[in-house]
Amino acid sequence: MRKRDAVTIETRKPFGPSPGIFSSTGAISESGTFLNSSLIFGDLDACDFVTVQVTQWFDGALGTFTLRAAITETATHDPNVLTDDGTWVIIDGTGAYETLQGRGRVTGTADDNLDLISRTYSGTVRRG
């Protein structure tokens, strides 16, 4: 079995369909842009949280990779700010990331005051 190595991916993007930027350290040392290619909201009737299933496509100098995340966004004392907590898994890749496999936790905030969604994806990856 191949060794798993730690990775941290930091993302920032405005609300809506706009692209965002990312930088990563550890097993993936890269930066570039990313897009939400699929976004599904659930639990819309809940009073203090919403669930989000998101597929994101990351484009860097060495190739692309796609991850899928399941995130719970929870209300805070500020009605315009949600905290994020969930899991992620890499589902596809090209170039240097063609055989990449990985998973981990995602945390962050969705801050409508700043028009900014900031997330940290931490976990491990390995090359298949």
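The values are calculated or read from the model by the stated rules, or taken from the named source; none is laboratory data. Fair warning: this is a prediction, and the values are worked out from it, not measured in the lab. Positions of Cβ are generated from backbone atoms using ideal geometry, with glycine treated the same way; all protein chains shown enter the neighbour counts. All accessible areas refer to the heavy atoms of the entire protein, side chains included, with ligands and DNA or RNA removed. Shrake-Rupley method; radii C 1.70, N 1.55, O 1.52, S 1.80 Å.
Only one residue in D112, D78, D5, D84 is touching a residue at least 60 places away in the same chain (Cβ under 8 Å), acidic (D, E) and more than 24 Å from R127 (Cβ to Cβ). Which one?
On the way: D78 fails: touching a residue at least 60 places away in the same chain (Cβ under 8 Å); D5 fails: more than 24 Å from R127 (Cβ to Cβ); D84 fails: touching a residue at least 60 places away in the same chain (Cβ under 8 Å).
So the residue among D112, D78, D5, D84 that is touching a residue at least 60 places away in the same chain (Cβ under 8 Å), acidic (D, E) and more than 24 Å from R127 (Cβ to Cβ) is D112.
Take the residues in region 75-105 that are among the β-branched types (V, I, T) and open to solvent by less than 50 Å² (accessible area, probe 1.4 Å); name whichever of them is nearest to R12 (Cα to Cα). Don't jump to the end; show me each part of the working.
In the first step, residues of region 75-105 are kept if they are among the β-branched types (V, I, T); the result is 76, 81, 83, 87, 89-91, 94, 99.
If we keep only those that are open to solvent by less than 50 Å² (accessible area, probe 1.4 Å) too, we end up with 76, 81, 89-90.
Numbers: T76: 20, V81: 15, V89: 19, I90: 19 Å.
Step by step, filter region 75-105, then rank; the result is V81.
How many residues are in contact with a strand residue (DSSP E or B) (Cβ under 9 Å, 6 or more places away or on another chain), open to solvent by 50 Å² or more (accessible area, probe 1.4 Å) and among the charged types (D, E, K, R) when one looks only at region 109-126?
The total comes to 2.
State which residue is most open to solvent (accessible area, probe 1.4 Å) when the search covers only region 43-74 and only residues that are of a type in the set (D, E, K, R) and part of a loop (DSSP other than H, G, I, E, B).
Here is the first cut: in region 43-74, the residues of a type in the set (D, E, K, R) are 43, 45, 48, 59, 68, 73.
Checking which are part of a loop (DSSP other than H, G, I, E, B) leaves us with 43, 45, 48.
Working: D43: 82, D45: 160, D48: 76 Å².
It comes out as D45.
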